[in-house]
Amino acid sequence: MSVPSLTELRSGGKVALARALATIETHASSPALAALLDEASAHPKGHILGLTGTPGVGKSTLINALIARARAADQTIAVIAVDPSSKATGGALLGDRARMTTNPDDKGVFVRSMAARDRLGGISNETIAAAVLMRALYDRVIVETVGVGQSESDIAGIADTVLLCIQPGAGDSLQFMKAGLMELPDVIAVTKSDMGAAARRARADVKGALGLSAQGEWSAPVVMISSTTGDGLDELDRAIETHKAFLNQDNRHEKKLRKQEAAWVDEAIKARFGSEGLEASRGIQAEAAGPFSREAALAEALRKRLNPLTGK
């Protein structure tokens, strides 16, 4: 197995990236791969937009519009479309990719479908690694979650900005509060704004739910959009850019990245060794600087502790 450097990926185009992503899915514990991911994590180029919402809200249609707008602005963009995995077979339809219309000859666009596997939070461990790698290569990265509603909170662990899509008729303010959705997004988009009064009612309900929830330093703006007509997409872009500017103040972005990296390590260890393994890892000193190498070092130490004779 050959793992390219970040420099080689930047010059190798789509084929090189596709091979690297395949390596992520087949050789997750490779030291060489961990080193590449650490390098990518330390050199972020782009901004990750986490896109979530219930099925049918129009996420794929919105992504098509965002891809077109990014390319029109001469920005490169990569998309990870996460599809749910079957509990019976472990497979995934990967249908979200089929809804996206892209030019295969356009070197500035890369779209990858990935299965959620056994993660209930909307993204898998492989998704995190793929997003980190893409962020080092592209100006913009979109991670679209599986779209099952309130179990989607894991997207906040990788995204710089979380965009929650709400469609008209999705529920009243109390329903939004009950689902816990208002704790998640940095920006909220009411889709299908061409539905008129129903869309305006949805916006009012969302704003009502936000008014009832605890507010921190940032208050999520609510914009009305129509991906098919383009209405509201300029306002959506401004809302996302405003949140990016907010993150760049007072070292917030750097702090957020460090917090996310620590959470990646914890989740990976917990997935391999369970809650007791995660607790045991607290007492292990891992000298690796990057999150992926640190997770690999902790996993190796835990394996040796659990079975000192074989280290397995």
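Inside region 277-296, residues that are assigned to a helix (DSSP H, G or I) and free of Cβ contacts under 8 Å to residues at least 12 places away in the same chain make up a count of 1. Residues in region 274-285 include none that are over 23 Å from GLY157 (Cα atoms) and at pLDDT 90 or above. Of all residues in region 40-68, those satisfying the criterion of being more than 27 Å from ALA198 (Cα to Cα), surrounded by fewer than 18 Cβ atoms within 10 Å (Cβ to Cβ) and of a type outside the set (Lys, Arg) are ALA42, HIS43, PRO44, ALA68. Being over 20 Å from the mean Cα position of the chain (by Cα), among the hydrophobic types (A, V, I, L, M, F, W, C) and either under 18 Å from THR161 (Cβ atoms) or not assigned by TED's automatic domain parsing to the domain that holds TRP264 (or both) is a property that holds for ALA16.
Only one of the listed residues (LYS256, LYS270) is in contact with a helix residue (DSSP H, G or I) (Cβ under 9 Å, 6 or more places away or on another chain), part of a helix (DSSP H, G or I), touching a residue at least 12 places away in the same chain (Cβ under 8 Å) and not hydrophobic (A, V, I, L, M, F, W, C). That residue is LYS256.
Tell me, which residue of region 15-26 that is surrounded by fewer than 17 Cβ atoms within 10 Å (Cβ to Cβ) and out of contact with any Leu (no Cβ under 6 Å at 6 or more places or on another chain) is farthest from ALA239 (Cα to Cα)? By that ranking, first place goes to THR26.
The values are calculated or read from the model by the stated rules, or taken from the named source; none is laboratory data. Please read all numbers here as calculations on a predicted model, not as lab measurements. Note that we place each Cβ from the backbone using ideal geometry, even for glycine, and neighbour counts take in every protein chain shown.
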